[in-house]
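Here the structure comes first, spelled out in structure tokens, and everything after it is commentary.
Nothing in this text is a laboratory measurement; each read-out follows from the coordinates by a stated rule. The structure presented is a predicted model; accordingly, all values stated were derived computationally and were not measured. Cβ sites come from the backbone with ideal geometry, for glycine too, and all protein chains shown count toward neighbours.
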Amino acid sequence: MNTTTPLDGPVWYPYAFDPFPGPRARWVSAEGAYAVDDQGKRYFDATSSWWCKSFGHRHPRLVGALEKQLGKFDHLMMSPHRHEPAERFAEALLAATNSQHYDRVFFTDDGSTAIEAAMKMSLQFWKQTGQPKRTRFAAVELGYHGDTMGAMSVGHIEEFHGNFAQFQKDTIRAKAPYCYRCPVGKTYPDCGIACADSFDKQLATEGESIAAFVVEPLVLGAAGMIVYPKEALERLVRLARSSGAHVIFDEVFTGFGRTGKPFAYQYLPDEPALRPDFLALSKGLTAGMLPLGAVISRKGIYDAFRGAGRLSHGHTFAGHALGCAVGLEALAMLQEPETLAGIEAISKLFEEFEPRFRALPNVGDVRRQGCIFALELVLDKETKELPKPASGPGWRIAWKLWEQGFWIRPLQQMLYVVPPFVSDVAVLHRLLTLLYTEVRQDNGT
């Protein structure tokens, strides 16, 4: 498809090329797993609208929760006052962790601001507890934690961060546990997680300067849905712990059932050292109905702020009542048998299709974790050579599926499906079948 569309009008669109290399829709409505354009055509939202619409669009129960709260009040400032929606939602979030490890929830606006808040909590904690030299952060190469300045400092993807490198803070970088393209040339599981060796050496000399280690657990989302071994995550966390630093898990994407469990950290052994000090949340927090973020903090963190100085951080819309009311209902829905069965059915379907895609000559890697399914496209399976441009085949295939009513969006050479949990498995089966056909027919050039 050679169509290009100018991005005219008053809106500056996020992450959009101008002119855009393909057709563009003007959305007029959405319901369930589908969005409808101004021509009346329905599209299956296979990306969950940037990975957040876990229960699809306008779910009646979420709409009902919003309307019920709107009948009381929409937003009231929470400094220093309180309200029931935020309190009830915070209590439910703490209960959902199934852990006695956490005791406080700080509400923010979105994923980036949740990361920013967690980073500032860590920095101020160390300053107020006699370790003011802990002013740096450690993170994983190919990590993505948002587009605000602090979040970019712990993110390392050239496409997102390269234009702003001069403004980023100095960060210790652990090599990405990217098994398909191992940064140290080894093969899992016989590698002994050697990709973390350089991180170990850095911490031995610089660990006392680190406030916190920030990581996306199990899946590096924006880097291409890179699913990595839980043993790698465990080693990275233990190394960070050995330096005395905090651990921040960015569960903005991986939280709320996307990986198959309520939170990705629950794949690690159940021991205190492997529990993060901070959980940064958004996206599925309200099932994508309203912008909201949150930081769940470990017991003892808040105590350092009692009498020693308030947290120097806040948000106008912190604890937004409408978002909290919707989030409370979404969390209840997530825990119900029907939802758990839907997640399991999607996961099994992805497992069924994995070997078919792996056999294709232009598919270098297949990544699967819970309700995440991704392909890395290559020119040559042996050399792992990338297409040129890397995103070329991805967009071509995406537009072919678009014509047939399926909406996906590539990440460079990666194609992925991250569907709502309420998706009809038969429709997903058709999508994967069409995707298989288009990938098989594309020559990558």
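List of remarks:
- Gap separating the Cα centres of the stretch 277-297 and the stretch 175-222, nearest whole Å: 26 Å
- Based on the Kirkwood approach, the hydrodynamic radius assigned to the stretch 239-348 is 15.8 Å, with every pair of different Cα atoms included.
- When the helices of the chain are scored as -39500 (n - 2.57) per DSSP H run of n ≥ 4 and the total is divided over every residue, the value at 222 nm lands at -10000 deg cm²/dmol.
- Order by protection proxy (mean Cβ within 10 Å, highest first), peptides 45-51, 9-15, 291-297: 291-297, 45-51, 9-15
- Volume per residue of the C-alpha convex hull in the stretch 337-441, rounded to whole Å³: 83 Å³
- Between the beta carbons of residue 5 and residue 445, assuming R0 = 35 Å, the FRET efficiency works out to 0.90 to the nearest 0.05.
- Kirkwood hydrodynamic radius of the stretch 6-94, Cα pairs, Å: 16.6 Å
- Inter-site label distance for residue 437 and residue 26 at 7 Å from Cα along Cβ, in nm: 3.1 nm
- D by Stokes-Einstein for the stretch 158-249, Kirkwood Rh over Cα pairs, 20 °C, 1.002 mPa s: 152 µm²/s.
- DSSP bridge pairs, the stretch 64-334: antiparallel proportion in percent, nearest 5: 45 percent
- For the pair residue 17 and residue 345, a Förster radius of 30 Å applied to the C-beta separation gives a FRET efficiency near 0.25, rounded to the nearest 0.05.
- Net length gained if the chain between residue 266 and residue 198 were fully extended (0.36 nm per residue, minus Cα distance): 21.9 nm
- Taking 0.36 nm per residue of separation and subtracting the Cα-Cα distance, full extension of the segment from residue 403 to residue 230 would add 58.5 nm.
- Each label point was placed 7 Å from the Cα along the Cα-to-Cβ direction; for residue 91 and residue 38 their separation is 4.7 nm.
- Other residues with beta-carbon under 14 Å from the beta-carbon of residue 189 carry, at +1 per Lys or Arg and -1 per Asp or Glu, a net charge of 0.
- Per-bin percent of Cα-Cα distances, the chain [10 Å]: 4, 20, 31, 27, 14, 3, 0
- A Förster distance of 25 Å, applied to the separation of the beta-carbon atoms of residue 135 and residue 163, puts the FRET efficiency at 0.50.
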